[in-house]
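What follows is a set of notes on a single structure, which appears directly below.
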Amino acid sequence: MSAFTVGISGGSGAAYALRLIEMLLRSDEQVKVIVSPAGEKILELECDVRLTGTLMDKQSQLRDVLRIGKTEVGLELFDHKNVAAPISSGSFPSAGTVIVPCSMGTLGRIANGISSDLISRVADVALKERRKLILVPRETPLSEIHLKNMLAITQAGGTVMPAMPGFYHRPTRIADLVDMIVSRILDHLGIDSSIFERWKGEGVSKFLMEE
């Protein structure tokens, strides 16, 4: 059993975060979750998930959304201000960190080594410890500053994976688009999943002949 950290910041794409956490838990992984105030807002706005009350209240509410029993281990929620949390240390045995969605503000802070909250801190730790870090931004168009920050993350050893689903699998539901991105994240974390039908090259020869 491994421990993965999932940070939910602002921007858009809360459905990606919930599906990723669900799939990690289904794979019997431990998931440490951090939700920023902006992340809480998008969870409510986009997924009707309202986290209120104490940290334990919010953890219980998130468990209910994910249909996890109260006695089951695996999910642990951390306060975004708690930079002294165990996961903020390089000594914590993390198998990988994913920030999804990742706002451009969060990405910019990570790219410049500014650890102003627990989300940016765990990302900073992932980079310095040479561990897996995946940032999933959802923004368009991109400014030169955004692109430079993404390049800085990549050069530092992180992976920038914009939420840009394809359509070759003929999606018929929003969930199909969500699963494509989540499947790619899981691939990079080294976790097998069957939620997305991989490209098998159908029609490639015909396409090349016509081209």
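Structure summary
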{"quantity": "Unmet requirement for ARG170, which otherwise passes all of (1) charged (D, E, K, R); (2) free of Cβ contacts under 8 Å to residues at least 12 places away in the same chain; (3) assigned to a helix (DSSP H, G or I)", "calculated": "(3)"}
{"quantity": "Segment 153-167 - residue that is outside any loop (DSSP other than H, G, I, E, B) and within 19 Å of the chain's Cα centre (by Cα) and, of those, surrounded by the fewest Cβ atoms within 10 Å (Cβ to Cβ)", "calculated": "THR154"}
{"quantity": "Members of segment 126-142 that are part of a loop (DSSP other than H, G, I, E, B) and either among the β-branched types (Val, Ile, Thr) or under 13 Å from THR5 (Cα atoms) (or both)", "calculated": "ARG131, LYS132, THR140"}
{"quantity": "Hits in segment 1-28 - residues which are in contact with a Gly (Cβ under 7 Å, 6 or more places away or on another chain) and not hydroxyl-bearing (Ser, Thr, Tyr)", "calculated": "PHE4, ILE8, GLY10, LEU25"}
{"quantity": "Top-ranked residue in segment 67-87 [being β-branched (Val, Ile, Thr) and free of Cβ contacts under 8 Å to residues at least 60 places away in the same chain; ranked as surrounded by the fewest Cβ atoms within 10 Å (Cβ to Cβ)]", "calculated": "THR71"}
{"quantity": "Within segment 88-125, tally of residues that are among the hydrophobic types (A, V, I, L, M, F, W, C), touching a residue at least 60 places away in the same chain (Cβ under 8 Å) and either crowded, with 21+ Cβ neighbours inside 10 Å or outside any helix (DSSP H, G or I) (or both)", "calculated": "10"}
{"quantity": "Tally, over segment 60-78, of residues that are under 24 Å from ILE185 (Cβ atoms) and more than 16 Å from the chain's Cα centre (by Cα)", "calculated": "9"}
{"quantity": "Number of the exception - GLY10 against (1) within 23 Å of MET104 (Cα to Cα); (2) at pLDDT 95 or above", "calculated": "(2)"}
{"quantity": "Verdict on PHE196 being hydrophobic (A, V, I, L, M, F, W, C), farther than 24 Å from SER27 by Cβ and in a loop (DSSP other than H, G, I, E, B)", "calculated": "no"}
{"quantity": "Selection status of LEU142, free of Cβ contacts under 8 Å to residues at least 60 places away in the same chain, buried (at least 23 other Cβ atoms within 10 Å of the Cβ) and either more than 19 Å from SER12 (Cα to Cα) or not aromatic (Phe, Trp, Tyr) (or both)", "calculated": "no"}
{"quantity": "Residue under evaluation GLN59, criteria (1) under 23 Å from LEU133 (Cβ atoms); (2) touching a Leu at 6+ places or on another chain (Cβ under 6 Å); (3) assigned to a helix (DSSP H, G or I), criterion not met", "calculated": "(1)"}
{"quantity": "Odd one out for ALA38, checked against (1) out of contact with any Lys or Arg (no Cβ under 7 Å at 6 or more places or on another chain); (2) surrounded by fewer than 22 Cβ atoms within 10 Å (Cβ to Cβ); (3) over 18 Å from THR106 (Cβ atoms)", "calculated": "(3)"}
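The values are calculated or read from the model by the stated rules, or taken from the named source; none is laboratory data. For clarity, every value in this text was computed on a predicted model and none was experimentally measured. Positions of Cβ are generated from backbone atoms using ideal geometry, with glycine treated the same way; all protein chains shown enter the neighbour counts.
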